[in-house]
1. For the chain, what is the calculated [θ] at 222 nm in deg cm²/dmol (nearest 500), taking -39500 (n - 2.57) for each run of four or more DSSP H residues and dividing by its residue count?
2. Please label the shape of region 1-50 as rounded, prolate or oblate, based on the square roots a ≥ b ≥ c of the eigenvalues of the alpha-carbon gyration tensor (a/c under 1.5 means rounded; beyond that, a/b larger than b/c means prolate, else oblate).
3. If exposed means no more than 16 neighbouring beta carbons inside 10 Å and the site is in a DSSP loop, what's the longest run of the chain without any exposed GluC sites (Glu not before Pro)?
Amino acid sequence: MDPDNISLDNLTKSFEYFKCASEIDNCEDLDRLKTIAKCYCKLYYKQQETLSLIGVPNGEQNNNI
């Protein structure tokens with residue numbers, strides 16, 4: 001998976017992503033990197049659960065949220 005293949009249309013979210021990406025790129029603590037990856041993965045799945053509960057069908061999510 002290549003994060004460069006994912007586009008962010010919202011400038012604020014793009015800026016926040018680059019801040020996080022920079023922090024990850026500069027991190028040398030493998031355990032911290034693992035924790036970050038697990039948190040983002042779990043947050044993604046939680047977002048999917050939440051969108052399902054509020055009635056947003058898969059594939060029709062607003063990427064600018």
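What follows draws every value from the coordinates through simple rules; no lab data is involved. All values reported here derive from a predicted model rather than from experimental measurement. Cβ: placed from backbone, ideal geometry, glycine included. Neighbour counts: every protein chain shown.
1. Calculated mean residue ellipticity at 222 nm is -21000 deg cm²/dmol.
2. oblate
3. Result for the longest clean stretch: 29-59.
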